[in-house]
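Report on one structure; see the data block that follows.
What follows draws every value from the coordinates through simple rules; no lab data is involved. All figures in this text were calculated on a predicted structure; none of them were measured in a lab. As a convention, Cβ positions derive from the backbone with ideal geometry for all residues, glycine included, and neighbour counts pool all protein chains shown.
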Amino acid sequence: METIVQILLLFIMLSLHSLGQAAPVGVCYGRVANNLPPPSAVVGLLKSNGISRIRLFNPDVEALAPFSGTGIELMIGVPNEILPTLANGMMSTALQWVQSNIFAHVPSSQVRYLAVGNEVYLKEPYYTPYVVPAILNLYQALQTLGLGDKIKISSCHASTILSNSYPPSSGTFDPNLNQVLTPLLRFLQDTGAPLMVNVYPFFSYINSEQYVSLDYALFRSSTVEIDQNLHYTNMFDATIDAFVYAMEREGFVGIPVVVTETGWPTGGGEAASAENARAYGENVVSRALNNVGTPKRPGVGVEVFLFDLFDENGKSGAEYEKHFGIFGVNGIKAYDINFN
């Protein structure tokens, strides 16, 4: 009986979503660089290009304040290093934090999401036990302000939280993370918040060329992979559905997925070019705006945040990490792409 109820809830959720507006497209505003234009100029750039949603990785006042009153919706990151303070403190600590770091600078009506931690389990596992307690305290703080149903809280994760992602129906979370993922998924289901994932077919391609073709990563494959009678022609869909299957395997049905980072570099390595970045970005945006959905959730557009607004010359790692910018620092597009 419980399974039937879950299926009915999923059907209702998907039906309501498909009747709604097109899935939004946002852009990540990374700022690990020393040559970026001032945030006040960035607001104008966004508006002139029809970009109405931005992800900020932390509530830096210099970047946050210029968005006040612009109508641009925000996903605001709660930095990994603040998680212990928010997790170990009382709800009043979280309340003070959101009021002084966020709502003192932008109205709550512009904040759509709080992203509590970014790729903690992959990059900074020390903070793993603090993610869910911090989320719960922040949620109580928002409830105190009457915003518990208006601002959704989640946490951004790398695809590496999956121990198995191929074929998609075999999607399985890393069993070592069950202790922290299960309460997170329960919270997401109870509050209607999405699972936030960072999806990069580019990385899948360069790390596994023997298994992943460039065409499959760039949405131009003529080969169809069949899994559970569902047809896959690209890595983006396959990755998202792997997360959906993994959630269902743990007993959580109907949790939406928001792609909090996805993109393709314009230079700095193999297959990194403006042409490939345009091909990838155009397809991601088009699928969101047209509510294409995925084979497992057809007609349910996936909300996405493209990475990145500008190249970030301060990024560490491989050279291509510095070349995900959609725009040059002069405001000229690195490649042609439309957001609406």
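Worth pointing out:
- At an R0 of 45 angstrom, the distance between the Cβ atoms of Glu275 and Ala104 translates into a FRET efficiency of 0.55.
- From phi via Karplus (6.51, -1.76, 1.60), per-residue ³J(HN,Hα) for region 261-277 in Hz, x at Gly/Pro: 8, 7, x, 9, x, 8, x, x, x, 4, 6, 8, 7, 4, 4, 5, 5
- Region 33-54-region 181-238 distance, computed between alpha-carbon centres (Å): 29
- The local environment of Lys150, defined by Cβ-Cβ distances under 13 Å, has a net charge of 0 under the rule Lys, Arg +1 and Asp, Glu -1.
- Residues whose amide H lies under 5 Å from that of Arg55, counting only those 5 or more places away or on a different chain, are Val27, Cys28, Tyr29, Met75; hydrogens are built 1.01 Å from N in the peptide plane.
- Simple label model, 7 Å out from Cα along Cβ direction - Thr172 to Met90, nm: 4.5
- Think of each Lys and Arg Cβ as +1 and each Asp and Glu Cβ as -1; about the Cα centre, that makes the dipole of the chain roughly 740 debye.
- In terms of packing, defined here as the mean over residues of other Cβ atoms within 10 angstrom, the peptides 277-287, 211-221 line up highest first as 277-287, 211-221.
- Normalised size of region 129-214, defined as Cα radius of gyration per 2.2 N^0.38 Å with N residues, equals 1.34.
- Note on Gln210/Thr144: beta-carbon distance plugged into 1/(1 + (r/R0)^6) with R0 of 56 Å gives a FRET efficiency of 0.60.
- When the listed pairs Lys47/Lys150; Lys296/Lys322; Lys47/Lys315; Lys47/Lys152; Lys150/Lys315; Lys296/Lys333 are checked against a 28 Å cut-off, the alpha-carbon distance exceeds it for Lys296/Lys322; Lys150/Lys315; Lys296/Lys333.
- In Hz, Karplus ³J(HN,Hα) per residue of region 291-297 (6.51, -1.76, 1.60; θ = phi - 60°; x = Gly, Pro): 6, 5, x, 10, x, 7, 10
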